[in-house]
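The values are calculated or read from the model by the stated rules, or taken from the named source; none is laboratory data. The structure displayed is predicted, hence computed values, not measured ones. Backbone-built Cβ (ideal geometry, glycine too); neighbour counts: all protein chains shown. Quick note on the areas: whole protein, heavy atoms, side chains included, nothing else; ligands and nucleic acids left out. Shrake-Rupley method; radii C 1.70, N 1.55, O 1.52, S 1.80 Å.
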Amino acid sequence: MDTSLFLQLADPHNLYEAWRSVWRKNGAPGCDGKRVQDFFRDEKNNILSISSALRQGRYDPLPFRTKYIPKSSPGKWRRLSIPSVRDRIVQQCANTILQHSFDQIFAPSSFAYRPGRSIRDAIAAIRRGLSAGLQWAVHGDIRGCFDEIDRDILSTLMKKTVKDPLFLSVLNKTIRAPVLHRGYLQNLPRGIPQGSPVSPFLSNLYLHQLDCALLSQGHFLIRFADDWIILSRDYPSSCDALKTALNTMTLLNIRLNREKSGIIDLRQNSVNFLGHCIDGSTISADRKGWRRAFDTAHDLRSAQNRQDYLRARGNILGMQAMYSNTGRI
């Protein structure tokens, strides 16, 4: 039995590195009410306790604390599932191991939640497609992606990818942990916790099936999480791409958000994607893009330490480079 990934997960050194990441982000407490600062008071023994619980098979994640935040669309809400600090450390460690071991299996068309990839790279790929004469776009958005993922399908995909049964057991416990909302425990029938450090990787693993289906037919795909564009030379090719996407999503038991999706002739109309307004000849920042720029500038001004400052400065420089290339293709 291959347990190499699980041994990495239970290694106190790896858990400590994950704890440092959790400490830097300083997130909200989970259902147990314990804060990052509480864990810090006895961090060494707390890390050893997590490691021991994992190695002895005693580790079970606590319920996620549910919080709803408003979306940009009026009247719509996003459900966040907030893990306890202890569980966040385990999930952060699992995410690091998964990224290091399996990120290379993902397609070059996938740009979100991956080391060394960003919105800037996705927009650069779109620019290359437009320059090559691909003037039709299929814009797709998956309805409530994190909340709609079929856990049984995801578990099958995880088992095909990850051969360590003990590591898989921790992942399956994580995605199936109940949520605490208004004092009541709920076992949700589907979805993965949006708020868990490991969920972005798992969503990429799930949607990798969509990438493969479209790329195998030669379509020019750019996907950033659950938001994607397929560039084509003509309307029939766009229809074929949309049909393939819909068929694959049916197999994955997820649905298209038709309000935010459709086929666009970029010579006559534009599409908004990742904070940019895109047509056949220009790419420029839209309202979301400008808001992202203002937020990044605020992060730079409010940085509390050198590491936060350098991170915010890197984001500013990345935005400057990205928007210096906007305008005509």
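Within the range 140-168, the set of residues being touching a residue at least 60 places away in the same chain (Cβ under 8 Å), of a type outside the set (A, V, I, L, M, F, W, C) and farther than 24 Å from K71 by Cβ comprises K163, D164, P165. Among the residues making up the range 224-239, those that are buried (at least 17 other Cβ atoms within 10 Å of the Cβ) and either over 21 Å from I119 (Cα atoms) or under 15 Å from the mean Cα position of the chain (by Cα) (or both) are F224, A225, D226, D227, W228, S237, S238.
Applying the condition of being open to solvent by less than 30 Å² (accessible area, probe 1.4 Å) and β-branched (V, I, T) to the range 133-157 and asking which residue is farthest from S261 (Cα to Cα) yields I149. Of all positions in the range 212-223, none carries a residue that is touching a His at 6+ places or on another chain (Cβ under 8 Å), modelled with pLDDT of 95 or more and not aliphatic (A, V, I, L, M). Taken together, L221, L171, L207 contain a single residue that is open to solvent by less than 70 Å² (accessible area, probe 1.4 Å), touching a residue at least 60 places away in the same chain (Cβ under 8 Å) and in a strand (DSSP E or B), which is L221. For K163, the criteria (1) among the charged types (D, E, K, R); (2) under 16 Å from the mean Cα position of the chain (by Cα); (3) not in a helix (DSSP H, G or I) hold in every case but one, which is (2). Scanning the range 143-176 for residues that are in contact with a Ser or Thr (Cβ under 9 Å, 6 or more places away or on another chain) and under 28 Å from C277 (Cβ atoms), we see that the one that is modelled with the lowest pLDDT is C145. Candidates are the residues of the range 243-257 that are in contact with a strand residue (DSSP E or B) (Cβ under 9 Å, 6 or more places away or on another chain) and open to solvent by 40 Å² or more (accessible area, probe 1.4 Å); the one that is modelled with the highest pLDDT is L246. Of the helices (runs of 4 or more DSSP H) lying entirely inside the range 1-117, those carrying at least 3 residues that are open to solvent by less than 40 Å² (accessible area, probe 1.4 Å) are 4-10, 12-25, 43-55, 85-102. Selection of the range 182-194 for residues being crowded, with 17+ Cβ neighbours inside 10 Å and assigned to a strand (DSSP E or B) yields only Q194. Among the residues of the range 262-274, those identified as open to solvent by 30 Å² or more (accessible area, probe 1.4 Å) and assigned to a loop (DSSP other than H, G, I, E, B) are R267, Q268, N269, S270. Would you confirm whether any residue within the range 242-258 is in a helix (DSSP H, G or I) and touching a Lys or Arg at 6+ places or on another chain (Cβ under 7 Å)? Yes; the residues of the range 242-258 include at least one that is in a helix (DSSP H, G or I) and touching a Lys or Arg at 6+ places or on another chain (Cβ under 7 Å).
Determine whether W23 is among the aromatic types (F, W, Y) and in contact (Cβ under 8 Å) with a residue 40 or more places away in the chain.
no
Out of curiosity, is I153 assigned to a helix (DSSP H, G or I), among the β-branched types (V, I, T), within 19 Å of the chain's Cα centre (by Cα) and at negative phi? Considered against the rule, which asks whether it is assigned to a helix (DSSP H, G or I), among the β-branched types (V, I, T), within 19 Å of the chain's Cα centre (by Cα) and at negative phi, I153 comes out as yes.
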